[in-house]
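Have a look at the structure below before the remarks.
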Amino acid sequence: MAVVTAPDTIAAAGAETIESPGRRAWRRLKKRKGAMVGLAVVGIMVAVAILAPWIAPYDPIKQSWSAVRKPPSELYWLGTDEVGRDLLSRIIFGARASLSAGLISVSIALSIGVPLGVAAGYIGGWIDALISRITDAMLATPFLILAIALAAFLGPSLGNAMIAIGITATPIFIRLTRGQVMAVKVEDYIEAAAAVGNPRWRIAVKHILPNILPALLVQATLAIATAIIAEAALSFLGLGQQPPAPSWGSMLNTAQRFLTNAPWMAIWPGLAIFLAVLSFNLLGDGLRDALDPKSR
Amino acid sequence: MLSFLGHRLLQLIPTLFFVSVIIFGLQQLLPGDPALIMAGEERDPEVLAQIRKQYRLDQPIPIQYFYWIKGVMAGDLGESMRIKKPVSELVLEKLPVTLQLASMAIIIALTIGVGAGVISAVKKDTWLDYAANIFALWGISTPNFWLGILLIFLFSVQLGWLPASGYVSLGEDWRQSLATTIMPAFVLGNAIAAVLMRHTRGAMLQVLTSDYVRTARAKGLVERVVVIKHAMRNALTPIITLGALELGTLLSGAVLTEQIFTIPGFGKLIVDAVFNRDYAVVQGVVLVTATTYITLNLLADIAYVLANPRLRG
């Protein structure tokens with residue numbers, strides 16, 4: 001039997017654990033087919049949104065009375081709408097509204113929710129009680145109803161819809177961050193950091209935040225999916241992107257009136273929303289598994 | 001049990017207080033003078049002064065809140081500026097419609113969601129399991145307003161089987177009532193069914209590998225009896241309460257679904273109020289929704305404790 005000396009053991013263990021957490025997560029994520037498909041579709045959609053002015057075959061707001069409600073053809077791949085605008089071009093440009101709504105509203109939710117969650121979880125006491133009760137109150141109002149109410153009072157526009165969705169999504173991040181911080185703050189390394197005289201803010205930023213990032217990343221990915229649906233819903237109701245600027249939700253609203261004569265007007269924007277939401281959901285599910293320390 | 005109930009009821013007080021503060025605070029988001037916005041086209045200084053007096057807009061915000069909440073606690077949710085009716089009356093008028101839709105949606109969601117979840121767990125790693133998982137992913141990712149439009153296209157425009165819009169109450173003609181509500185109820189139930197399916201599958205998989213199920217099998221019981229009598233009974237307790245918690249999804253979904261199918265319920269009331277800038281109605285509907293949601297959460301918690309003897313204490 002081979003005898004392994006202590007230094008050898010340490011070296012072998014060192015070689016095994018040298019992989020950084022990011023690399024490990026990426027290696028695990030790559031094994032999940034659904035997540036990779038989701039990531040690929042998200043990547044394509046982001047590229048389409050950025051390159052929209054160069055790849056869209058037509059001007060998305062240019063009306064053409066000679067091309068009203070044309071079915072899909074070689075000239076108009078996805079057909080045209082009730083005023084002769086090319087649907088493919090509108091869907092390509094609509095990706096900008098949907099994806100930016102998803103990203104910006106989740107960024108708003110993160111930038112408000114994470115500091116409040118850290119404060120509630122780390123400081124505790126009456127600050128925690130106050131923040132937690134407000135969070136409970138916001139979570140008690142159904143997501144879309146609160147978003148509609150906020151958007152209604154702020155006024156209809158894409159920017160206000162993003163703010164409304166962002167604020168509505170904030171309590172989820174407060175609650176998640178608070179829970180994570182409470183679990184992390186009792187760890188030995190946090191006590192050690194406090195014992196050597198680190199101020200509280202430094203412990204929160206340097207030691208606690210990096211350890212709760214994986215959970216936040218998963219939630220943020222899934223929240224983007226919810227925000228995309230919410231933006232489409234608000235635009236569908238006329239509270240988001242305003243015409244003639246293209247948005248998948250408002251395109252569906254218009255399409256409803258032309259179901260008998262031009263059903264293609266309803267199919268493509270809905271499919272675009274579905275694909276975007278599905279991709280973020282797949283990616284979020286995959287990230288959750290890949291970042292779970294128990295998974296291999 | 002009593003102390004649990006008391007504790008949960010005590011927790012409700014601050015939550016309800018902050019809900020009321022948030023909903024009242026919405027009014028402060030209005031850009032400019034709320035009286036001008038409330039008056040709409042009417043710019044007569046006398047009318048404006050009357051609105052300011054009626055809604056106490058000339059008073060400090062805490063005083064405005066005090067009078068508002070005092071009214072709310074007495075059942076006065078304000079008055080619709082457009083329909084000129086008390087908001088509480090409007091809510092009571094529309095509530096039965098949404099309740100019918102919601103009940104049908106829950107029945108559909110439980111039937112599909114629990115059924116698919118149980119089959120998926122029992123037939124793990126077979127094509128049935130994969131199909132159920134794909135269904136769940138589809139249900140979670142499909143915007144219900146798109147699904148509604150697709151169903152109208154298929155069942156109303158193409159096949160002509162169901163009316164595309166409108167509503168007939170159960171008391172008026174139950175067959176026609178079902179015909180007008182089955183599509184919107186399915187749309188509403190679809191997303192919840194997907195969530196329930198995932199939870200049922202998880203709970204069933206856990207239960208199916210537990211010792212008592214193994215014992216039941218070892219006794220020589222038929223698999224059907226093991227699944228239905230032993231596994232499902234335990235796995236489904238949290239699922240039933242989860243159904244109550246999905247009410248938020250249901251109410252959010254109702255807003256869009258009622259709009260698409262032109263159903264005069266709670267959801268349509270809030271959308272119409274938004275377009276008519278009838279802010280008292282928006283506030284009233286959000287308040288009633290939040291209170292209902294909180295109450296149902298409490299009932300779900302109590303049901304869970306009652307159903308689980310270990311938690312009764």
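Points to keep in mind about this one:
- Distance distribution P(r), segment B:1-154, all Cα-Cα pairs, bin width 10 angstrom from 0: 8, 20, 22, 22, 18, 8, 2, 0 percent.
- Screening chain B for DSSP H helices whose Cα atoms reach 20 Å or more along their own axis and whose mean Kyte hydropathy is at least 0.0 gives B:2-26, B:87-122, B:127-141, B:174-208, B:279-307.
- Helical runs (DSSP H, four residues minimum) scored at -39500 (n - 2.57) apiece and divided by the length of chain A put the mean residue ellipticity at 222 nm at -22500 deg cm²/dmol.
- When Rg and the Kirkwood Rh are both derived from Cα coordinates, the Rg/Rh ratio for segment A:151-296 amounts to 1.15.
- Reciprocal mean inverse distance between Cα atoms of segment B:167-254 - Kirkwood radius, Å: 15.4 Å
- Alpha-carbon radius of gyration plus Dmax, which is the widest Cα pair, for segment B:89-202 in Å: 15.9, 53
- Derived scalar couplings ³J(HN,Hα) [segment A:214-220; Karplus, 6.51 cos²θ - 1.76 cosθ + 1.60; whole Hz; x for Gly, Pro]: x, 5, 5, 4, 4, 5, 5
- Evaluated at q = 0.08 Å⁻¹: base-10 log I(q)/I(0), Debye formula over Cα of the protein assembly as shown: -0.66
- Stokes-Einstein translational diffusion, segment B:2-73 - Kirkwood Rh over all Cα pairs, 1.306 mPa s, 10 °C, in µm²/s: 112 µm²/s
- Here B:K84 is the anchor, and the aspartates and glutamates within straight C-alpha reach of less than 12 Å, apart from those fewer than 8 places off in the same chain, are B:D278.
- The angle separating the long axis of helix A:6-16 from the principal Cα axis of greatest extent in chain A is about 10 degrees.
- Restraint check, A:K30/B:K123; A:K62/B:K268; A:K31/B:K229, Cα-Cα greater than 29 Å: A:K62/B:K268; A:K31/B:K229
- Estimated at the nearest 10 Å², the accessible area of A:F258 is 30 Å² with a 1.4 Å probe.
- Per the accessible-area calculation with a 1.4 Å probe, the total area buried between chain A and chain B rounds to 3700 Å².
- Take segment B:78-178 with all the other protein chains still there, run a 1.4 Å probe, and you get 52 Å² of accessible area per residue.
- Probe 1.4 Å, all protein chains present, accessible-area order of A:K33, B:K124, largest first: A:K33, B:K124
- Near B:E79, the amide H atoms lying under 5 Å from its own belong to B:V87; only residues 5 or more places off or on other chains count, and H is placed 1.01 Å from N.
- Translational diffusion of segment A:166-241, µm² s⁻¹ [Kirkwood Rh, Cα pairs; Stokes-Einstein; 4 °C; 1.567 mPa s]: 90 µm²/s
- Translational diffusion of segment B:90-311 was estimated from the Stokes-Einstein equation, with Rh taken as the Kirkwood radius over Cα pairs; at 4 °C and 1.567 mPa s the coefficient is 68 µm²/s.
- Inverse mean reciprocal Cα-Cα distance (Kirkwood Rh) of chain A, Å: 21.6 Å
- Mean per-residue shielding of peptide B:266-277 is 3, counting Cβ atoms of other chains within 10 Å of each Cβ.
- Solvent exposure ordering (accessible area, 1.4 Å, most first) of A:H207, B:H199, B:H7: B:H7, B:H199, A:H207
- Portion, in percent, of the accessible area of segment B:90-311 that falls on carbon or sulfur, probe 1.4 Å: 65 percent
- Rough spin-label spacing in nm, given labels placed 7 Å along Cα→Cβ, for A:K30 and B:Q54: 6.8 nm
- You can think of it this way: the chain between B:F17 and B:D44 has 6.1 nm of extra reach, that is 0.36 nm per residue less the Cα-Cα gap.
- Per-residue mean of C-beta atoms belonging to partner chains within 10 Å, peptide A:277-286: 2
- Net charge over other residues, Cβ less than 15 angstrom from the Cβ of A:M265 (K, R count +1; D, E count -1): +2
- With respect to chain A, whose longest principal axis is taken over its alpha-carbon atoms, helix A:21-30 is tilted by about 50°.
- Cβ neighbours within 10 Å from other chains - mean over A:127-140: 5
- Full-stretch length increase - B:Y130, B:L178 - with 0.36 nm per residue and alpha-carbon distance subtracted: 14.1 nm
- Ranked by how many other beta carbons lie within 10 Å on average, peptides A:67-74, A:214-221 from highest: A:214-221, A:67-74
- Virtual paramagnetic centre 7 Å along Cα→Cβ of A:N261, amide N under 16 Å, in segment A:25-67: A:64-67
- Legend: residues A:E19, B:E89, A:E191, A:E231, sorted from most to least accessible area (1.4 Å probe; ligands, DNA and RNA excluded), read A:E191, B:E89, A:E19, A:E231.
- Counting only protein heavy atoms and using a 1.4 Å probe, the accessible area of A:L150 comes to about 20 Å².
The values are calculated or read from the model by the stated rules, or taken from the named source; none is laboratory data. Computed from a predicted structure; not experimentally measured. Neighbour counts run over all protein chains shown; Cβ positions are idealised from the backbone, glycine included. Protein only, heavy atoms only, side chains kept; ligands, DNA and RNA dropped before computing areas. Shrake-Rupley method; radii C 1.70, N 1.55, O 1.52, S 1.80 Å.
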